[in-house]
């Protein structure tokens, strides 16, 4: 099914308000998830609604959180009170941007935040405000190296974004695994095989079988290099926050809360007039040498433009899951 972004956004808002979420927070979350779908990151858009609804109905996610942010020891300490991650992420970025207008460099430690989803959404907002941003979130153990018999660490994602003159921001968003776990679910639903290098079965051996991968583990991107990046995220988003999602649920199920880390840099205060010509110069060199390759974020920009006009595709399996959620809450089903 193809659905317009306005229809999808309104439907998500209805679903969340039916779970007791404040209307403003429901609208914010609906906007973020819909934009995520528009930008082609379908694993982190409306596909997350069944998990979020389950957590809200069990009281694991807080439908009416009281988020706080206070400066201590030169760092902003943000507490999401187990609120929806999309709302937490935007609030933390707003606090960071506001402080960076005069401070230049701002670190935000994020405690008790729901699943943030596509981190590039938040770093892009910062870049559109002429800030450089780095955001990361830890997760339950779900990733391991070949031969492991159990997950060792989360596929802890990270994103950075940077403004550039006369162009859309540079936006890079990645899980530290070779692929996001949502793609394993998507392959199971579609009945397709996985590419090589994505996953291990429960015995720690590489597999292309999506069902076996679902019962197994993800492989880190670049082997030990991806594992090292996951450790970096765990230090900043986990060890600095105390949040351990793995103790709140397995990696196969959505935990109610995570830890996060955000860094906001103001290039105007830090580099002054040197920033814009420098980034324009090296990006020019990169594009000239890359034989038609696009900058990170360019594909998502094009997807957003295309899907705004043509609509957002919803796979049959996902549509069935969303319909069950709507029926359970007494909300009309999603229609094209």
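Only the coordinates and a few stated rules stand behind these numbers; no lab work does. Just so we're clear, the structure is a prediction, and the values are computed from it rather than from any experiment. Note that each Cβ is placed from the backbone with ideal geometry, even for glycine, and that neighbours are counted across all protein chains shown.
Details
- 227, 110 arranged by Cβ crowding within 10 Å, fewest neighbours leading: 227, 110
- Counting every other Cβ atom within 10 Å of each residue's Cβ, 91, 225 order from fewest to most as 225, 91.
- Shape category assigned to region 29-73 from the gyration tensor of Cα positions, a/c cut at 1.5: oblate
- Shape class for region 13-102, computed from the alpha carbon gyration tensor (a ≥ b ≥ c): oblate, with a/c not under 1.5 and a/b at or below b/c.
- Prolate is the label for region 112-224, because a/c, from the alpha-carbon gyration tensor with a ≥ b ≥ c as root eigenvalues, is 1.5 or above and a/b exceeds b/c.
- Length gained on full extension, residue 281 to residue 203: 23.2 nm, using 0.36 nm per residue less the C-alpha separation.
- Per-residue ellipticity at 222 nm from helix content only, as computed over the chain with -39500 (n - 2.57) for each DSSP H run of at least four residues, stands at -12500 deg cm²/dmol.
- Considering region 193-233 at the alpha-carbon level, its Rg and Dmax are found to be 10.6, 31 Å.
- In terms of overall dimensions, the C-alpha atoms belonging to region 1-49 reach 28, 17, 14 Å along their principal axes, ordered largest to smallest.
- Computed over the alpha-carbon atoms, region 65-126 gives an Rg to Rh ratio of 0.95, Rh here being the Kirkwood radius from the mean inverse distance.
- Full extension of the segment from residue 51 to residue 247, taken as 0.36 nm per residue of separation minus the current Cα-Cα distance, would add 68.8 nm.
- Cα-derived Rg over Rh, computed across region 240-314 with Rh taken as Kirkwood radius: 1.15
- For the pair residue 4 and residue 288, the difference between a 0.36 nm per residue extended length and the Cα-Cα distance amounts to 98.6 nm.
- Gyration tensor over alpha-carbon atoms, region 163-214, equivalent ellipsoid semi-axes in Å: 31, 12, 8
- At 0.692 mPa s and 37 °C, Stokes diffusion of the chain via Kirkwood alpha-carbon radius, µm² per second: 160
- Dimensions (Å) - region 274-327, Cα atoms, principal axes, largest first: 56, 25, 19
- Region 197-282: Cα Rg divided by the 2.2 N^0.38 Å rule of thumb: 1.58
- Note on region 1-56 and region 250-300: Cα centroid distance 26 Å, given to the nearest whole angstrom.
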